[in-house]
Amino acid sequence: MNDNTGSAFKGRVEDIRFVAGRGQFTADIVPVNALHAVFLRSPVAAGMITGLDCNAAKDATGVVAVLTAADAAADGVANMIWTGGPVREDGGVTLDSPRPLLSGAEIRHLGEPVAMVIATSRQAAADAAELIDLQIEAADDVALSVECMLDGPLVWPGTNDNIASLHRQGDRDEVDTILATSAHVSHFEFDISKITACTIEMRNSIGFIDENGKSCVTTSAQSPYQLHGELAQLFGISTDEVRVISPDVGGSFGMKGALYREDALVVWAARRLQKPVFWAADRGESFLSDEHARAVSGTASLGLDKDGNFTALWVDARIDAGAYLSRRTKGLLNNMGGVAGQYKTAAIATQMTFFFTNTMQTSPYRGFGRPEATYVIERLIDQAARETGRDALALRQQNLVSPDAMPYQTALTFLYDCGDFPRIVAAAAKNADYASFAERRKESESRGLLRGVGIANPIEVAGGPLKQIRKDIARITVRPDGQIVITPGLMSVGQGHETALARMASTRLGVDMDNIIYEQGDTDLLPSGRGSGGSAATVIGGAAVHVALNEFVAAGKSIAAGVLGCEIDHVVFDAGLFSNPADSVQKPMSWIDIAAHSNATGGMSVLGEFLPPDVTYPNGCHICEVEIDPATGKVSFADYVVVEDVGTVLNADLVEGQMHGGIAQGIGQALGEILKFDETGQLISGSFMDYQMPIAADFPNFRVSTIAVPTKINPLGAKGVGEAGTVGALAATMNAVVDAMASAGVRSFEMPATPHRVWQALQEAQQ
């Protein structure tokens, strides 16, 4: 680390170099001899390429090469394809939807790369790209919505419809029977908008051949080992011939979790030209080429008996997959169980239909299915409370799973390992002074404002995928000078893992933070690694570091025993020193001494790994209050309270920071963020002029606290916190907005709650 942090420093140690401008992001380490790549992208959402003349571009000043799909085919570069098997449980035709690196014929979404121009400078490449004569016969119509799922223009000609896959869970007949006999059934139509991650650092990649002849890419990614295997497959080479490096990453949120076309293309170009090739997206290009997120709509029904107990739940969800289906898109299936919420509903059935559209493919974004699942059940509960005249908090409380029921098997796949939901909800209600809300609503009304309260009790699976849990590994090394090197398989992309793991090592090994070096993101450093995602970094990756540290101390004791001339059981390790209390003559050994006496070249090294026996479930309660000015439709926050169970809290500051960031992203989507397309598939919110990102003034003072119910599935007792804020914020915010509008006669309303849309809904309710 070596940033003069000292043991007394209490903040995020990595922020010292970031604030000082010493971060090492991909764009900071471009080789001086690198060539620069620019992509010519399709200006239409659907069509057929009828002509591609690159001659003028090839002759332009500074141009080294112009590459097309024909060149990729000639070099034997494969399409990107997911063979995990699209499934249609309705018996329909399935399709793997292979994705070419460069489109040579069919265009399936706006911004598809058609040609790659490589020149001595970015400007030269950009100028040359404008000289390419691209002829496209645009399609007469494009598929952009669920209405095109069964009938409409086909994204993949030759198929019968635009259904990519269809999955069913639970007993639909049982649920229908129970709903038919329930005292009350609430029906809810939801529409969770399509958005994109908008990371501060946009995607960028450097393709190069290293000194060992390996095909390499340095790129902003959260899971370098995932890219590692996919690149090897694309080029038909072994993983030993591939290297992926992810240095500092300026945000990801799931969007940078897998191989992109551009990552592969710069590697291919470097292999072909035997020179480094650098590409960096600008913001407009990011809107076109970054994977999109959410875009889930559908219907849901919740049954209640005469006493208000939940009887059954049916959810029919339709997911806009974009033009290509991948394992990342279908990862939503892993999190659908979240619709059970924290509640003891006896019967649940779901149907998830993924459909193709002429848009960029849909993939993970902070929570990936978790916010969507929570949104459905929590919006439904509010609606049921309103329809039956019950208090929204009380209705939730009477249906919560009790702690003595743990472990609790829900009616839809999830088996909750532990939790105290009633205690969490009660604490949040107290912190928010929920009992006095009616008084605050009256006070707001006296000022001509509408006030609403929204509740969400999120629960999410962490450490998955659910049925395919993967291990993580970590290496701990002591250098000859006594410095300790932590090399985790996880990837820090802004969460603060560098701080958390360094402090873990500092405490366990008895060394100052200044003597700890943190290194990550290079596939040459470890045989494998999970990277970051799914709230699993601490749950699995952090646990792997914990295991490695313990094994490291054990290895140190073994060396010390040999030097001190005693049995290993007699060696005591304390405050960074190994000693034999029975021998007052022998001087205690430090880590420098251990390194000097180890047989390993350059110091002692230990590899630890951890595979949890199961997943775990962080959970919490969000209570949000908003005020709406009916004259303008402006939504303002009055308060936002969270009580979260993330298991054992390893670093309170980092937990709070993660919660704040997650809540902000949920609020951003609820109040304004949306990708909108016109009828031809043109993106009309493709810049920050039209894509409404929130600013600091939009947010309340988040009041976050924790109550820990440690899990037993990992030695840290941690449950994960990466997605928790967003999972609850989306539903809590929209519930508060709808509650405020309901007092003015608005019966239904869906995101985004922009001032214009809110004002318009209020006006229509008065007519």
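Tabulated data for the structure shown
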{"item": "Given (1) farther than 17 Å from Leu304 by Cβ; (2) under 24 Å from the mean Cα position of the chain (by Cα); (3) buried (at least 20 other Cβ atoms within 10 Å of the Cβ), number of the condition Ile424 does not satisfy", "result": "(2)"}
{"item": "Answer from Phe208, Phe278, Phe287 - the residue that is part of a helix (DSSP H, G or I) and at pLDDT 95 or above", "result": "Phe287"}
{"item": "Any hit, region 28-48, residues being among the basic types (Lys, Arg), modelled with pLDDT under 95 and either assigned to a loop (DSSP other than H, G, I, E, B) or within 30 Å of Thr353 (Cα to Cα) (or both)", "result": "no"}
{"item": "Scope region 177-205; condition part of a strand (DSSP E or B), β-branched (Val, Ile, Thr) and over 27 Å from Gly251 (Cα atoms); matching residues", "result": "Val185"}
{"item": "Criterion: closer than 30 Å to Arg747 by Cα and either touching a His at 6+ places or on another chain (Cβ under 8 Å) or surrounded by 21 or more Cβ atoms within 10 Å (Cβ to Cβ) (or both) - qualifying residue of Ile163, Ile206, Ile192", "result": "Ile192"}
{"item": "Complete set of residues in region 500-513 that are out of contact with any Ser or Thr (no Cβ under 9 Å at 6 or more places or on another chain) and of a type outside the set (A, V, I, L, M)", "result": "Arg503, Thr507, Arg508, Gly510"}
{"item": "Selection count where residues are more than 30 Å from Ala394 (Cβ to Cβ), of a type in the set (Phe, Trp, Tyr) and in a strand (DSSP E or B), scope region 328-383", "result": "3"}
{"item": "Only listed residue being free of Cβ contacts under 8 Å to residues at least 12 places away in the same chain, outside the structural domain of Ser363 (by TED's automatic domain parsing) and assigned to a loop (DSSP other than H, G, I, E, B), chosen from Gly104, Gly76, Gly91", "result": "Gly91"}
{"item": "Qualifying residues in region 567-596 (those that are of a type in the set (Gly, Ala, Ser) and outside any loop (DSSP other than H, G, I, E, B)) - the one farthest from the chain's Cα centre (by Cα)", "result": "Ser579"}
{"item": "Candidate set: region 275-306, residues that are farther than 30 Å from Arg168 by Cα and over 29 Å from the mean Cα position of the chain (by Cα); chosen: the one surrounded by the most Cβ atoms within 10 Å (Cβ to Cβ)", "result": "Pro276"}
{"item": "Flag for Pro694 being modelled with pLDDT under 95, more than 21 Å from the chain's Cα centre (by Cα) and either under 23 Å from Glu750 (Cβ atoms) or outside any loop (DSSP other than H, G, I, E, B) (or both)", "result": "no"}
{"item": "Subset of region 620-671 [assigned to a strand (DSSP E or B), hydrophobic (A, V, I, L, M, F, W, C) and within 13 Å of Asn701 (Cα to Cα)]", "result": "Ile623, Cys624, Val626, Phe637, Ala638, Val641, Val642"}
{"item": "Tabulated pairs, region 550-569, first more than 13 Å from Trp591 (Cα to Cα), second assigned to a helix (DSSP H, G or I) and hydroxyl-bearing (Ser, Thr, Tyr), C-beta under 6 angstrom, 6+ apart or interchain", "result": "Ile568/Ser558"}
{"item": "Hey, Ala180 modelled with pLDDT of 95 or more, farther than 21 Å from Ser748 by Cβ and in the same structural domain as Lys256 (by TED's automatic domain parsing) or not", "result": "no"}
{"item": "Lone unmet requirement of (1) surrounded by fewer than 20 Cβ atoms within 10 Å (Cβ to Cβ); (2) assigned by TED's automatic domain parsing to the domain that holds Ile623; (3) of a type in the set (Lys, Arg); (4) touching a residue at least 24 places away in the same chain (Cβ under 8 Å) for Arg447", "result": "(4)"}
{"item": "Residue list for region 458-490, filter: within 23 Å of Leu400 (Cβ to Cβ) and either assigned to a strand (DSSP E or B) or in contact with a Lys or Arg (Cβ under 6 Å, 6 or more places away or on another chain) (or both)", "result": "Ile459, Glu460, Ala462"}
{"item": "Exclusive hit being small (Gly, Ala, Ser), outside the structural domain of Leu273 (by TED's automatic domain parsing) and crowded, with 21+ Cβ neighbours inside 10 Å, set Ala46, Ala27", "result": "Ala46"}
{"item": "Matching residues in region 398-457 - criterion: being aromatic (Phe, Trp, Tyr), in contact with a helix residue (DSSP H, G or I) (Cβ under 7 Å, 6 or more places away or on another chain) and not in a loop (DSSP other than H, G, I, E, B)", "result": "Tyr434"}
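The values are calculated or read from the model by the stated rules, or taken from the named source; none is laboratory data. These figures come from a predicted structure and were not determined experimentally. Cβ coordinates were reconstructed from backbone atoms using ideal geometry, including for glycine residues, and neighbour counts include every protein chain displayed.
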